[in-house]
Amino acid sequence: MSRRVRRAATLAYRLRSAVADQDRARLFLTESAGQAAETTYRRRARVSDLRVQWATIRARRALDRVPERDRADVDRRLQTLLRIDSILTSTSPAAVRRFLR
């Protein structure tokens, strides 16, 4: 698997993570309406919007550098990263440490 394929898949994964963070920030912002913490959540929402914009640009550029015949490899790599993330989030930190020993 080429470095371009791995890079494109990693940046696509980061884009998904940025979008998830953006959704959480927007949810917190709507829940904090009228409270003292609203300005903090408004700032976090604005920062998360910028992160999504930059992640989109970087992922699109990386994908444009991957040859057309290797685009399926990018999707396979992204699915692998998502599976790993799913496993790690559903596993306790102690179990992960035991596995990595």
Qualifying residues in the range 1-22 (those that are more than 10 Å from ALA62 (Cα to Cα) and open to solvent by 90 Å² or more (accessible area, probe 1.4 Å)) - the one modelled with the lowest pLDDT: MET1
SER86 vs. criteria open to solvent by 60 Å² or more (accessible area, probe 1.4 Å) and either touching a residue at least 12 places away in the same chain (Cβ under 8 Å) or assigned to a helix (DSSP H, G or I) (or both): yes
Subset of the range 43-57 [farther than 12 Å from ALA12 by Cβ and surrounded by 15 or more Cβ atoms within 10 Å (Cβ to Cβ)]: ARG44, ALA45, SER48, ARG51, VAL52
Residue in the range 58-71 that is loosely packed, with under 12 Cβ neighbours inside 10 Å and at pLDDT below 90 present: no
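Conditions tested, residue by residue: (1) of a type in the set (Ser, Thr, Tyr); (2) within 18 Å of the chain's Cα centre (by Cα).
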{"site": "MET1", "(1), (2)": "no, no"}
{"site": "ALA9", "(1), (2)": "no, yes"}
{"site": "ASP23", "(1), (2)": "no, yes"}
{"site": "SER32", "(1), (2)": "yes, no"}
{"site": "THR56", "(1), (2)": "yes, yes"}
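The values are calculated or read from the model by the stated rules, or taken from the named source; none is laboratory data. Note that the structure is predicted; figures quoted are calculated from it, not measured. FYI the Cβ positions are ideal-geometry reconstructions off the backbone, even for glycines, and counts take in every protein chain you see. These area figures cover heavy atoms from the full protein model, side chains too; ligands, DNA and RNA do not enter into them. Shrake-Rupley method; radii C 1.70, N 1.55, O 1.52, S 1.80 Å.
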